[in-house]
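The values are calculated or read from the model by the stated rules, or taken from the named source; none is laboratory data. Remember, it's a predicted structure, so these values are computed and weren't measured experimentally. Every residue, glycine among them, receives a Cβ derived from its backbone with ideal geometry; neighbour counts consider all protein chains shown. Surface accessibility is based on the protein's heavy atoms, side chains included, excluding ligands, DNA and RNA. Shrake-Rupley method; radii C 1.70, N 1.55, O 1.52, S 1.80 Å.
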Amino acid sequence: MMQLYDIHSHGIENMASAVINIGTDACLLRNDGFFSAGIHPWNVNPDSLEQDLQRLGIMLENPRTVAVGECGMDSLKGPELGIQEHAFVAQALLAEEKGLPMILHVVKQIDSIIRIRKDIRPSHPWLIHGFRGGPQQMRQLLDSGFWLSFGIQANSASLAAVPDDRLVLETDGKCSIGSVWEKVASVRNTTVEDVKRISMKAAIDFLGGCLPL
């Protein structure tokens, strides 16, 4: 049985149970494990964007690439926001073309991401990784069609309130998935085994039919 618990990581220690983000480095793709590929907003370079998108498109053909990302918009770091938006929209259109979900990095650009999603009306889900907002913002995003993933620094009130079918967890390569399970179990007053079961189902549901057999 597939054991996929960590929707977003950067390390390769737990490849059997995590989606590993590899940016646009095709050399990191392997014949086992699950990967996401994308142009991070910090790394958007207008001078090489077209070549980077072409390289990304080739990587998305690999059946082990199960999501586009992380990509998105960041008000605090990276090039001018108009350039970031152009790169993000291009990747969103690629995700639609390839039939893949997206994993997003969003910092102080929630309104922009909501607007872009309304314009594109994607047929595959978009997930904002590392969500730390409170229950009100969480509900706004869920109602707008977004998925969210929660890590070790997640808001406890949001963790307590998120529906089981949206309890997607991540490490971001910064901790063990076990420590995230323990925090979630404590907040939700349940067992680690229950958290593992629920979060694995949610992660697999997010990825839909994009997982290789």
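Considering only the stretch 156-184, state which residues are open to solvent by 10 Å² or more (accessible area, probe 1.4 Å) and hydrophobic (A, V, I, L, M, F, W, C).
157, 160, 161, 175, 177, 181
Counting only residues that are open to solvent by 30 Å² or more (accessible area, probe 1.4 Å) and touching a helix residue (DSSP H, G or I) at 6+ places or on another chain (Cβ under 7 Å), which one in the stretch 107-124 is nearest to residue 36 (Cα to Cα)?
Here the residue is 124.
Is it the case that some residue within the stretch 30-50 is touching a helix residue (DSSP H, G or I) at 6+ places or on another chain (Cβ under 6 Å), free of Cβ contacts under 8 Å to residues at least 60 places away in the same chain and under 24 Å from residue 138 (Cα atoms)?
no
Within the stretch 45-82, restricting attention to residues that are among the β-branched types (Val, Ile, Thr) and touching a Leu at 6+ places or on another chain (Cβ under 6 Å), which residue is farthest from residue 108 (Cα to Cα)? Steps first, please.
Of all residues in the stretch 45-82, those among the β-branched types (Val, Ile, Thr) come to 58, 65-66, 68.
Narrowing the set further to residues that are touching a Leu at 6+ places or on another chain (Cβ under 6 Å) leaves 66, 68.
Values: 66: 26, 68: 21 Å.
Result: 66.
I'd like to know if the stretch 32-47 contains one or more residues that are under 18 Å from residue 208 (Cβ atoms) and β-branched (Val, Ile, Thr).
No - not one qualifying residue is present in the stretch 32-47.
Restricting attention to the stretch 154-163, does a residue exist that is out of contact with any Ser or Thr (no Cβ under 7 Å at 6 or more places or on another chain), closer than 18 Å to residue 72 by Cβ and without any contact (Cβ under 8 Å) to a residue 24 or more places away in the chain?
Checked against the condition, which is being out of contact with any Ser or Thr (no Cβ under 7 Å at 6 or more places or on another chain), closer than 18 Å to residue 72 by Cβ and without any contact (Cβ under 8 Å) to a residue 24 or more places away in the chain, the stretch 154-163 yields no hits at all.
Hey, could you check the stretch 135-155 for residues that are part of a helix (DSSP H, G or I) and open to solvent by less than 60 Å² (accessible area, probe 1.4 Å) and say which is farthest from residue 123 (Cα to Cα)?
135
Could you tell me whether any residue of the stretch 73-89 is open to solvent by less than 70 Å² (accessible area, probe 1.4 Å) and closer than 21 Å to residue 11 by Cβ?
Checking the stretch 73-89: not a single residue is open to solvent by less than 70 Å² (accessible area, probe 1.4 Å) and closer than 21 Å to residue 11 by Cβ.
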